[in-house]
1. Take A:ALA96 and tell me if it is over 40 Å from the mean Cα position of the chain (by Cα), more than 16 Å from RNA strand B (Cβ to nearest atom), outside the structural domain of A:GLY571 (by TED's automatic domain parsing) and among the hydrophobic types (A, V, I, L, M, F, W, C).
2. Kindly list, by first and then second residue, each pair from a residue in segment A:558-583 that is modelled with pLDDT of 95 or more to a residue that is of a type in the set (S, T, N, Q) and open to solvent by less than 30 Å² (accessible area, probe 1.4 Å), limited to pairs with Cβ atoms under 7 Å and residues at least 6 apart or on different chains.
3. Which pairs have Cβ atoms under 7 Å, sit 6 or more apart or on different chains, and link a residue in segment A:43-62 that is assigned by TED's automatic domain parsing to the domain that holds A:ALA14 to one that is open to solvent by 10 Å² or more (accessible area, probe 1.4 Å) and of a type in the set (Lys, Arg)?
4. Does A:GLN544 qualify as being more than 16 Å from A:HIS474 (Cα to Cα), near RNA strand B (Cβ under 10 Å from one of its atoms), in contact (Cβ under 8 Å) with a residue 12 or more places away in the chain and loosely packed, with under 15 Cβ neighbours inside 10 Å?
5. Given the conditions (1) over 32 Å from the mean Cα position of the chain (by Cα); (2) of a type in the set (Ser, Thr, Tyr); (3) in the same structural domain as A:TRP285 (by TED's automatic domain parsing), and given that A:SER176 satisfies all but one, which numbered condition is not satisfied?
6. Of all residues in segment A:317-360 being of a type in the set (Asp, Glu) and under 30 Å from A:GLY116 (Cα atoms), which is least open to solvent (accessible area, probe 1.4 Å)?
7. What's the number of the only condition in (1) crowded, with 21+ Cβ neighbours inside 10 Å; (2) within 22 Å of the chain's Cα centre (by Cα); (3) of a type in the set (Phe, Trp, Tyr) that A:PHE260 fails to meet?
8. Go over the candidates A:VAL363, A:VAL391 one by one and state the one that is away from RNA strand B (no atom under 12 Å from the Cβ), assigned to a strand (DSSP E or B) and either open to solvent by less than 40 Å² (accessible area, probe 1.4 Å) or at pLDDT 95 or above (or both).
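The values are calculated or read from the model by the stated rules, or taken from the named source; none is laboratory data. As the structure is a prediction and not an experimental result, all values here were calculated from the model. All Cβ positions, even for glycine, are placed from backbone atoms using ideal geometry, and neighbour counts span all protein chains on display. Note: areas computed on protein heavy atoms with side chains; ligands, DNA, RNA excluded. Shrake-Rupley method; radii C 1.70, N 1.55, O 1.52, S 1.80 Å.
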Amino acid sequence: MKSHVENLVHQAIADLALVASGDDSPDPQVERTRDARHGDFTTNIALRLAKPLGRKPRELAEAIIAALPASSQISHVEVAGPGFINFTLSDLASRAQIAEILERGHAYGCSELGAGKRVLLEFVSANPTGPLHVGHGRHAAYGATLGNLLSATGHEVHREYYVNDAGRQMEILAISVWIRYLQALGVEVALPSNGYRGEYVREIAETLSAAYGERFVVSKEAFETGLPADAPEGDKETYVDAVVSQARQLLGEDDFREVFDQGLDAVLDDIRDDLESFGVSFDRWYSERSLTTQGTIDAALQRLRARERLYVNEGATWFRASDYGDEKDRVVIRENGVKTYFASDIAYHHEKRGRGYDLLLDVLGADHHGYIARVRAGLEAMGEPGDCLEVRLVQFVTLYRGGEKAQMSTRSGEFVTLRQLREEVGNDAARLFYVMRSNDQHLDFDLELAKSSSNDNPVYYIQYAHARVCSVMHQLEERGWHWDQAAGLAALELLVEPQPQALMRTLARYPEVIELAAVNRAPQTLVFYLRELANDFHTWYNAQPFLVDDAGLRNARLSLCVAARQVICSGLTLLGVSAPERM
RNA sequence: GCCCCGGUAGCUCAGGGGAUAGAGCAUCCGCCUCCUAAGCGGAGGGUCGCAGGUUCGAAUCCUGCCCGGGGCACCA
C-alpha cells in the first residue's frame, strides 16, 4: 500500500517535470502518519522541492495533488500544515486488506524485500565451558527473532553457532573435569582457583568415571610434582597452565583428548538442548577445531602472506590491520608458534564468504566491539568488501526480582543460567522480554513482572487478545452459529465505528512493521506493534458485542476478529512466543 | 587518553529530520444483569543531559562538554 502511494507521487512529479535536471531527485518519502487526523500516509515532497524550485511549498503541493493519477485505493488527498500532502485510504482499500489477511494467513506480512540475498547469521557462539547464562539468552532470543524477520522478508538465512572447541578455556574445563573425577575417586587434589567449579563439572566427572572407570586416575603425588603455587601465594594463570601441561603429560595426548571431549560434548549437548527447548535452532554448529584440521587457518594466512599483509616482528607474525582502519596491527601467530584466536576468526569469516554468503551478520556481546574493526580489516585484506560484515552488539542483562538486583551470587561465581530463567518465568515471557528492548540498550529483566499474570505483563496482554478471539469463536459454535467468511467480507462496510476502523488501520500496517523491524534489525518494533494491535482489539471488544443476531454484521465482525487473531499469531510466531487458544 | 552504547514523564523504555514528543507501569477518577475485568475509558505528569551549529523545520544530523555502562592482550 505504501509503495502504491509512492508510485502515485512519483508519477505526479514526473508528469509535472518538476525534477530539475542534474539535481539529485529526492525520493517521494512516503510515510505512515502518526496522527489519524492526518489521514493514512503523508509525503513531504513539496517541502523538499520548494527550495530548489523556488516555489511556495503549499502551492507546489496543490500542483502535485492536481497531477496525481486517480486511484480507487485513495479516498481523499489534501495539503496540510506547511505543505504536507496527506492521503486517506478508501474503505475499499482497508476492506481488501482484511480479505488478504484471511487469504494469505501466515504469509500475510511476508515480502520479497531480501529476495536473492544470502545471509549467514551467527549468534550465541558461547564458549562451551558451561551452561548458558541469562546474557546468552538475550543473544539467542535476539538472533533467532532476527533470523525469523529476515526470512519473512525474503532473505535466505543460514543460522550458525561457532563452537570454540579449541583453546585454553576448554583445556581448563578439561582439567576441571579431570580433577573432579580424581576427587570422586578419592585422590585429594585441589581444583585450581581458576578452574570451573560449577556443579555441572562434577556431573560430567561422574559420567566420566562411569564410562571409563579408573583409567584416568593418577596419584596425588604424581599430580602435584613440579607444580608452582596457586593463588594467593602464586599466580593463578601460571598455575592453571601448569596443571594443563601436567595433565597432558600424565594422561598422554590421547587420554587427555578423551577427557577434553567428554567435557566438550557434555556441555555442548546441554547447550543444544537448552536452546532447542527455547525454540532457537541452528543450521550448523561450526567447529573452530575444524579450521585447524581442514587447514582453513593456514590457507587464510597464506592468502594474507601472498598479498604481503603479514610481517614478522620480535618472533611473532603480525597482520597489517592498521592499513585497513584498525587502530593497530594484530598478532596472528604468537612468538611460541600458536595461532591467535583472531587468526581463526578471520579465517572463519573468510570461509563464510567462500560459501557464497552476501552478508555476514554477527550478533556479539557489547564487550566485543573492539573486535569489529580488525575482523573487517582481515576480510578486506583478503579481498572481500568491508561492508559484507555487519555486527549487531547486544548489551548486558541485569536481573531484578521486584526492585532488587538478582544478578548472581558472587560467592559461587555462578551466573543465573538460561535454563533456570526459563523454568522460572517460562519461554514465552523470556523470549518476549529479551527482545522488548533495543539490542543496544541495557536490559533490566524483572523476574517478578515476567511471571505475573497481570495486565502489567505485555506477554499476557498480547496473548490474551489472541485467546479472546478463540473464545469468541468457541462461543459462536456453542450458540449453534457458524462464521461465514465470504458473507463477512462482503459485509465489512458495516464496520463503521471508530474501534473496528482503528483495528483495520493497524492490521494494514503489519507488513510495513515487519519490513521495518527486519531492515533495522529491531525486533522491539514488532513487540510494540503487537501491543498496540492487542490494545485496538481489547478496546473494540469492550465497546461492542461480536455475537449479535444480525448475521451480516456478526460475520463482518468475526472476519475482522479472525484477521486480528491471524496477525497476532503471525507476529508472536516470529518472536518465538506461543499464541494460546485459552488462558 | 582513544573507541562503542546509553542519558526522553516519578519508574522501565519506544521514537532516531517533520505537524500538538508517545507507550507500559505507578498515581487519581470511572466501567462487569453483557462473547474471559489477564480487559476498557478518562485525568494529571516532559527545558527529550548541557551548550553551540546545519536546516524552511532538530528529541532525531554535526561539534564540544557532563554523567552512566562497556571495550582498548603475542586471552579465548
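1. No.
2. A:LEU574/A:THR145; A:LEU575/A:THR145; A:GLY576/A:THR145; A:ALA579/A:GLN463; A:PRO580/A:GLN463
3. Within 7 Å, the pairs are A:ALA50/A:LYS56.
4. Yes; evaluated as a whole, the condition is true for this residue.
5. The one condition A:SER176 does not meet is (3).
6. Once the filter is applied, the top-ranked residue is A:ASP345.
7. (2)
8. Details: A:VAL391 fails: away from RNA strand B (no atom under 12 Å from the Cβ).
That would be A:VAL363, the only listed residue that is away from RNA strand B (no atom under 12 Å from the Cβ), assigned to a strand (DSSP E or B) and either open to solvent by less than 40 Å² (accessible area, probe 1.4 Å) or at pLDDT 95 or above (or both).
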